[in-house]
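Scroll down for the structure; my scribbles are underneath it.
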Amino acid sequence: MKKSDALKLLEKLKDEEDINELFKGTDVEAAFKVEPTLDVFKTKLTEKEFKSFMDSEKDTHANKALETWKANNLQTIINDEVLKATGKKKTPEQIKIEELEKSFNEQKAKAERAEKVAKYKDVLAEKKIPGEMIDYFLTDDDETTNTRIDNFATYVEGIVSSSVKEKIANGSYTPPGENGAGDLTVDDLAKMMM
């Protein structure tokens, strides 16, 4: 558009009219119109207002996507995890395998315990400790079990020894005789020899 043409259009324009309306549909409008290209968009991102607007749009989109995901998937994931933790979402094969493993482990533990009981009953018999006390000494560790048995035997021997020494020192020991009289007679000796 030439200057003369533009001036003619401006003369027709009233004081209160919009100048943009005057140039609509002319080559002037086409010249000032900018197509949004990637480069234009990238330069706009450096502007503070435009960047703020884009961040707001990204947040809105991300929040909407998150809410949609929660609505569609979250409850299913929670239910699956609860079922997995409680063991209710197992196949019959998995349940059977777990039962067999549990049974096997129990049998193995019983066999190991029986082996240890047999081993340590002999040790208790050597130390003159009643076999029924095995449960007080038996542990998973052989060294600990042996230490407990040895400590108990030492403790009991100490108590018995001190008690015997105390009785002898007090002179309260009376050798057995008939009816607990303390004196052995010929008849008592004869009864013992029979």
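Structure notes:
- Looking across the range 142-163, the residues that are among the small types (Gly, Ala, Ser) and loosely packed, with under 12 Cβ neighbours inside 10 Å come down to 158, 161, 162, 163.
- Annotation: of all residues in the range 121-132 being in contact (Cβ under 8 Å) with a residue 12 or more places away in the chain and assigned to a helix (DSSP H, G or I), the one that is nearest to residue 157 (Cα to Cα) is 124.
- Considering 39, 55, 80, the condition of being surrounded by fewer than 10 Cβ atoms within 10 Å (Cβ to Cβ) and either under 30 Å from residue 20 (Cα atoms) or among the acidic types (Asp, Glu) (or both) is satisfied by 39 alone.
- Residues satisfying the stated conditions in the range 109-141, i.e. open to solvent by less than 60 Å² (accessible area, probe 1.4 Å) and in contact with a Lys or Arg (Cβ under 9 Å, 6 or more places away or on another chain): 131, 134, 137, 138, 139
- Residue 118 vs. criteria in a helix (DSSP H, G or I) and over 30 Å from residue 45 (Cβ atoms): yes
The values are calculated or read from the model by the stated rules, or taken from the named source; none is laboratory data. Just so you know, these numbers come straight off a predicted model, no measurement behind them. Glycine also receives a Cβ, built like all others from the backbone with ideal geometry; neighbour counts cover every protein chain displayed. Ligands, DNA and RNA are excluded from the accessible area calculation, which covers all protein heavy atoms including side chains. Shrake-Rupley method; radii C 1.70, N 1.55, O 1.52, S 1.80 Å.
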